[in-house]
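Only one structure is covered here, and it is reproduced in the block below.
Coordinate-derived values only; no laboratory data. These numbers come from a predicted model, not from an experiment. Cβ placement follows ideal geometry from the backbone for every residue including glycine, while neighbour counts extend to all protein chains displayed.
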Amino acid sequence: MLYLTKFLYKTFLLPPGIFIILLLAIGIWLYRRERKAAIALISITAILYILSTPIVGSLLIKSLERQYRPPASVKGDVIVMLGGGSFAGTPDIDGAGGLTGSSANRLLTAARIHKETGLPIIISAGKLYSESGNEANIAKRKLAGLGIPVDKVIAEDKSRNTYENAKYTLKILKTRHFKKPILVTSAYHMRRSVMNFKKLGVSVEPYPTDYRSDINPSVHLNSFAPCYDGFANSGMAIREYIGILALAL
């Protein structure tokens, strides 16, 4: 009963499910008046529904996440953490500015690797929008709050995308004579990140984190209920594949 309630709740009350239902209803109503337009609308609605289901979103994102696994033992001389988004003015324990969920997961992984190895951390993340704040500086403050010495954290605060992450991090690697960077980013983002570094001649040890899919997922009724998370996973996976294709070409 609980799964059925959640299925109906997601499908008929919450976006994107409620919009899918409305679009489908309009398509059926339009079918008798303008068949070609109705077929086009129903087809688009079907694609929207498919991409919004958790099962499809999980399969798409998992196709990227399974390409790398965290190494059993870390062999490197510096940790490179790529940013995943931030907010400038949000309240925090020791100041203002916060990280998105993906960025926070990456930060925790980098901090835990540092705790085990003592390796320095390069945070590669600048300021993309006025409201996002400077992510590298926000992350550096948070690492200091977790007890990591300030002199162990290097803020690369100019980059605005993955290519610039690799470009500006390379300069730091050369200046500080680091040879074996351990790359920390979200698992779904790792392949494109490795390709960007490789394009600049930098070999990295991938350390994926921030997984968005289960290794052994279960399939149930709600796996087919359209929801925001399913659509978000599909969108992120498609974005990554477009970026990978652009790099390959």
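Structure values in brief
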| read-out | value |
| --- | --- |
| Range in the chain, longest, excluding exposed GluC sites (Glu not before Pro) [loop by DSSP; at most 12 other beta-carbon atoms within 10 Å] | 132-249 |
| Mean ellipticity per residue at 222 nm, deg cm²/dmol - from DSSP H runs of n ≥ 4 across the chain, formula -39500 (n - 2.57) | -17000 deg cm²/dmol |
| Helix axis angle, 135-145 relative to the chain longest principal axis, alpha carbon, degrees | 70 degrees |
| Cα-centred dipole magnitude for the chain, charges only on beta-carbon of K, R (+1) and D, E (-1), debye, nearest 20 | 640 debye |
| Residues Leu41, Leu24 arranged by fewest to most Cβ contacts within 10 Å | Leu24, Leu41 |
| In segment 37-136, trypsin sites (Lys or Arg not before Pro) in a DSSP loop with at most 12 other beta-carbon atoms within 10 Å | Lys75 |
| Local electrostatic count, Lys198, Cβ distance below 14 Å [Lys/Arg +1, Asp/Glu -1] | +3 |
| At most 14 other Cβ within 10 Å, DSSP loop - chymotrypsin sites (Phe, Trp or Tyr not before Pro), segment 85-179 | Tyr129 |
| Fraction of antiparallel bridges per DSSP, the chain only, in percent to nearest 5 | 20 percent |
| Nearest-ten-degree value, helix 35-52 long axis tilted from longest Cα axis of the chain | 40 degrees |
| For the chain: relative contact order, % (alpha-carbon pairs under 8 angstrom, 6 or more apart) | 29 percent |
| Distance violations [Cα-Cα > 26 Å] among Lys127/Lys152; Lys62/Lys158; Lys127/Lys198; Lys75/Lys152; Lys115/Lys140 | Lys62/Lys158 |
| Segment 149-222-segment 59-129 distance, computed between alpha-carbon centres (Å) | 8 Å |
| Efficiency of FRET from Cβ geometry, Tyr129 and Ala46, R₀ 30 Å, rounded to 0.05 | 0.30 |
| Partner aspartates and glutamates for Lys167 [C-alpha distance under 18 Å; skip if fewer than 8 residues away on the same chain] | Glu135, Glu156, Asp157, Glu205 |
| Packing-based exposure ordering (other Cβ within 10 Å, fewest first) of Tyr49, Tyr207 | Tyr49, Tyr207 |
